[in-house]
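The structure appears below as structure tokens.
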């Protein structure tokens, strides 16, 4: 079995108690077989923690680096964005569902309590939320580009109007006064 990034050899490691994986001896990335992950998750006691809010990323997004192939079956790996302020993505095999984690990505997920949500990260609902989050981020950037320092005031006003019980009247008044 070879690393999908640099084709180095993979050696068995433990990502967590009773969770086996394989680590590249060159780049430090880790291959996690999805069946091993699901079995480990089933053994976890009690309720799994909810996804924390306000997560900020510490890792930089890895460069595309070309096509990555599954170390187990050779199928192409597909990149999935994580959202929640994390600047990196995970690669998943479309055939065997194994997951490639670049160096330190498992620790970043673990430190934020997201390692228990690995299965959900690949679901359409999670990915849809990631895309919505990215659209909102881009819209905020465009607003700042167009309005400069006024963008903050516009956002604050928009938040105030959105929560005001008489927002329809406020918006109607504004529309009636703009000609």
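All of the numbers you see were taken from the coordinates with simple rules; none came from a lab. Because the structure is predicted, anything quoted here is derived from the model rather than measured. Cβ sites come from the backbone with ideal geometry, for glycine too, and all protein chains shown count toward neighbours.
If the convex hull of the alpha-carbon atoms of region 128-177 is projected onto planes in all directions, what is the mean projected area in square nanometres?
4.5 nm²
Just need the relative contact order of the chain here, percent rounded to a whole number, with Cα pairs under 8 Å and 6+ apart.
Reported as a whole number, the value is 17 percent.
Set the Förster distance to 35 Å, then compute FRET efficiency between residue 119 and residue 6 from the Cβ-Cβ distance, nearest 0.05.
FRET efficiency, residue 119 to residue 6: 0.80.
At 0.36 nm per residue, and after removing the present C-alpha to C-alpha distance, how many nm does the segment from residue 133 to residue 171 gain when stretched out fully?
11.1 nm is the gain from fully extending residue 133 to residue 171.
For every helix of n ≥ 4 consecutive DSSP H residues, a contribution of -39,500 (n - 2.57) applies; sum these over the chain, divide by its total residues, and give [θ] at 222 nm rounded to the nearest 500 deg cm²/dmol.
-12000 deg cm²/dmol
What residue among 18, 153, 41 has the largest mean-square fluctuation in a Gaussian network model of the chain, using Cα springs under 10 Å?
153
Scale the Cα Rg of the chain by the rule-of-thumb value 2.2 N^0.38 Å and send over the ratio, two decimals.
Ratio of Rg to 2.2 N^0.38 Å for the chain: 1.36.
Using a 10 angstrom cutoff on alpha carbons, build the Gaussian network for the chain and name the most mobile of 109, 143, 19.
Between 109, 143, 19, it is 143 that shows the largest mean-square fluctuation.
Using Cβ counts within 10 Å as a stand-in for footprinting exposure, how do 40, 106 rank, fewest first? Could you put the intermediate results ahead of the total?
Working: 40 20, 106 23.
Listing 40, 106 from fewest to most nearby Cβ atoms yields 40, 106.
Hey, in the GNM for the chain with a 10 angstrom Cα cutoff, which one of 144, 152, 163 fluctuates hardest?
Between 144, 152, 163, it is 163 that shows the largest mean-square fluctuation.
Give me the angle, in degrees from 0 to 90, between the Cα long axis of helix 124-147 and the longest principal axis of the Cα atoms of the chain, rounded to the nearest 10.
On a 0 to 90 degree scale, this one is about 50.
Can you put 157, 22, 88 in order, fewest other beta carbons within 10 Å first?
So the ranking, lowest neighbour count to highest, is 157, 88, 22.
Return 102, 116 ranked ascending by Cβ neighbour count within 10 Å, so the fewest neighbours appear first.
Ranked by crowding around the Cβ, least crowded first: 116, 102.
Averaging sequence separations of C-alpha pairs under 8 Å and six or more residues apart, then dividing by the length of region 1-50, give the relative contact order as a whole percent.
25 percent
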